[in-house]
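Visitor: Handing you a structure now.
The values are calculated or read from the model by the stated rules, or taken from the named source; none is laboratory data. Here the structure is a predicted model, which means the values were calculated and not measured. Virtual Cβ from ideal backbone geometry, glycine too; neighbours counted across all protein chains shown.
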Amino acid sequence: MDDDAPPAGLVAGLHGDARLQVERWWSGLDAGARLEFRALAEDDEALEDSHQGSPASASAPLREPTSAHDRVEGGLLGLLVGDALGVPYEFHGPGELPEASAIEFTPPAGFDRAHAGVPPGTWSDDGAQALCLLASLLDRGALELDDLGARLLRWWDEGYLAVDGRVFDIGAQTRAALSDLAAGTPAARSGPRDEHSNGNGALMRALPLALWHRGDDAALFRDAMRSSLPTHGHLRSQLCCGLYCLWARRALEGLETAEAWRAAVSGGRELAAGIEGAAAELQVIDPARAPAGRGSGYVVDCLHSARLALTSGPYEHVVKSAIALGDDTDTTAAVAGGIAGIREGALAIPDRWIHELRGRALLDPLLDRLLDSL
Ligand SMILES: [Mg+2]
């Protein structure tokens, strides 16, 4: 046994920077700590837990971003890579998924992958709609809902900002909303407003607002809420988008993830104080509860699932833990991956995923313009 090398279970499935980080962390442990950790790692149950977000993986060091550019690039790439990684695993329960170390762009042989015709490394509706929002913000210099709505319609009709121009995934509420939009309903009113229309389809695309926005917290919160309206008009979805963007902003400022969340919740509560019905909705969202979630497509569950995944260690662990929750794997991984990317920067995302991410010709001009705007 090479005492200088971390236990195999600890680095299983890790490559590039993620593996280097764990190796560096291991090399910093004293002999007693290594012995204790080896005992843990030899226990199968503990090893399994380490893929699910146990203290073992949570103790792995996180990369420190080098600049604001690094964080912003990490946020956008973190969302897109999380989405693309989750695509083949969508619609499967947690018990039907490969073990976390085997979750890659290409699933293990024999796995019944979702969206079978979609090449590995392809982002889905989450990534495409986030890029629609980013392109709209960059072109218009403000959040203009009718412009955003028009781009979402172009995505649906023509595959605008979809890899290969191909739309293969659309949520039921988004489909209904875009039909109304196409029929002439203004984007501020096209999203269904009933309580059952609270899927995560607006939350999944909201992050570019936080990456791009230069206004104060009140302006960011208001715009994040409004960005939900074209497809998800209920106050609950709007508030989740607002909280998520404040969370991302606090993470961009360098706050530790849980602290950033607490600051976002406290700020969001104040900013929502004057909004009719917000107090009751914030009780439903229950943002102060411990992170726990099932990976479902319900906007509140998605937000808390992402919080849970973010406790599991470096970027690679975060998106794999998000996917391990099952069900809406691509969106949970996109929502969690965006925050992890901000937290750790673009270089924390494993090289193999960066290189295999498709659609760079669509992404790179927008990413360059976003970074130039900083
Ligand atoms: Mg999707």
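Visitor: Would you say Leu145 is at pLDDT 95 or above, in contact with a helix residue (DSSP H, G or I) (Cβ under 6 Å, 6 or more places away or on another chain) and aliphatic (A, V, I, L, M)?
Guide: Judged against the criteria, Leu145 is not a match.
Visitor: Go through the stretch 342-374 and count every residue that is more than 18 Å from Leu137 (Cβ to Cβ), over 16 Å from the mean Cα position of the chain (by Cα) and outside any loop (DSSP other than H, G, I, E, B).
Guide: Narrowing the stretch 342-374 to residues more than 18 Å from Leu137 (Cβ to Cβ): 343-361.
The next check asks that each one be over 16 Å from the mean Cα position of the chain (by Cα); those that pass are 347, 351-352, 355-356, 358-361.
Of the ones still in play, those that are also outside any loop (DSSP other than H, G, I, E, B) are 347, 351-352, 355-356, 360-361.
So the count comes out to 7.
Visitor: Only one residue in Gly215, Gly254, Gly274, Gly233 is modelled with pLDDT under 95 and either buried (at least 19 other Cβ atoms within 10 Å of the Cβ) or not basic (Lys, Arg) (or both). Which one?
Guide: Working: Gly215 fails: modelled with pLDDT under 95; Gly254 fails: modelled with pLDDT under 95; Gly233 fails: modelled with pLDDT under 95.
Sole residue among the options that is modelled with pLDDT under 95 and either buried (at least 19 other Cβ atoms within 10 Å of the Cβ) or not basic (Lys, Arg) (or both): Gly274.
Visitor: Considering each residue of the stretch 85-109, count those that are within 15 Å of the ligand (Cβ to nearest atom) and among the hydroxyl-bearing types (Ser, Thr, Tyr), and give that number.
Guide: Going through the stretch 85-109 one residue at a time, the tally reaches 1.
Visitor: Does the stretch 289-341 hold any residues that are part of a helix (DSSP H, G or I), among the acidic types (Asp, Glu) and within 15 Å of the ligand (Cβ to nearest atom), and which are they?
Guide: Passing the criteria: only Asp330.
Visitor: Just to verify a result, which residue in the stretch 115-174, among those that are in contact with a Lys or Arg (Cβ under 6 Å, 6 or more places away or on another chain) and of a type in the set (Gly, Ala, Ser), is farthest from Ala202 (Cα to Cα)?
Guide: Gly121
Visitor: For the stretch 208-232, which positions are part of a helix (DSSP H, G or I), over 20 Å from the mean Cα position of the chain (by Cα) and not charged (D, E, K, R)? Steps first, answer last, please.
Guide: Of the residues in the stretch 208-232, the ones part of a helix (DSSP H, G or I) are 208-212, 217-227.
When the remaining residues are screened for being over 20 Å from the mean Cα position of the chain (by Cα), the result is 217-219, 222.
Listed by number, the residues that qualify are Ala218, Ala219.
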